[in-house]
Amino acid sequence: MPHAALAHPPRWLTASQLHPQPAAVVRDWLFNEDSLTRRLTALSHDGFSVTPLLEGWQRLRTDECAALGVPDGSQGWVREVYLRGHGQPWVFARSVAARSALEGSGLALDQLGSRSLGELLFSDRAFDRGLLQACRYPAAWLPAAVHGERLWARRSCFSRGALGVLVAEVFLPAFWSAADIEI
């Protein structure tokens, strides 16, 4: 299901650009550079799992093309999953890579299944992580089951040579509740 174009796409901002600043505990989750998979595994006391929702070739969104440095309208591999704690969707994640860079790169995004992409990216030292950015994620881009307004999201691009993998993670209300954080 392609994502609708928005009249006002989100403005992805670095920690220093974000005003007003969210509470320190929220900022810690948005801008912490450690593996989110590992942090969620610890928070859930090993009750972490990944549920794939959608995988395949699609036309990438304009903001994704800009972040990956590819022409607007480029095709890419799109993977959408829930990162779950004890079966509850805690984070909605959308990862994309441009077809032009992915093909021939040796990275088999289509083979991940219910494994975490984050673990793969963090275990391959050839990948460099770009700056973390955050925004209030558009409700129209979320699955209907977790549709919510003004949810915090973060994204960063992992690069290895010409290949860029853009990973966006949207923190769902059940996550903040499990982390005992009021937002």
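Computed values, structure above
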| item | result |
| --- | --- |
| Residue-averaged 222 nm ellipticity for the chain, from DSSP H runs of 4+ at -39500 (n - 2.57), nearest 500 | -5500 deg cm²/dmol |
| Local net charge near residue 183, Cβ-Cβ under 12 Å (Lys/Arg +1, Asp/Glu -1) | +1 |
| Ranked list, fewest to most other Cβ atoms within 10 Å of each Cβ, for 70, 96 | 70, 96 |
| Backbone HN-Hα couplings from phi across the range 16-25 [Karplus 6.51/-1.76/1.60, Hz, Gly and Pro as x] | 6, 8, 7, 9, x, 6, x, 4, 4, 5 |
| Order by protection proxy (mean Cβ within 10 Å, highest first), peptides 27-35, 15-23 | 27-35, 15-23 |
| Cα-based shape type of the chain, given that a ≥ b ≥ c are square roots of the gyration tensor eigenvalues and the cut on a/c is 1.5 | rounded |
| 13 Å beta-carbon shell around residue 106, net charge (K/R +1, D/E -1) | -2 |
| Whole-Hz ³J(HN,Hα) from phi, Karplus 6.51 cos²θ - 1.76 cosθ + 1.60, for the range 111-120, glycine and proline x | 9, 6, x, 9, 7, 7, 5, x, 4, 4 |
| Net charge over other residues, Cβ less than 14 angstrom from the Cβ of residue 29 (K, R count +1; D, E count -1) | -1 |
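Taken together, the values in this text are just the output of simple stated rules run on the coordinates, not laboratory data. Quick caveat, the model's predicted, so the values are computed rather than measured. Cβ coordinates were reconstructed from backbone atoms using ideal geometry, including for glycine residues, and neighbour counts include every protein chain displayed.
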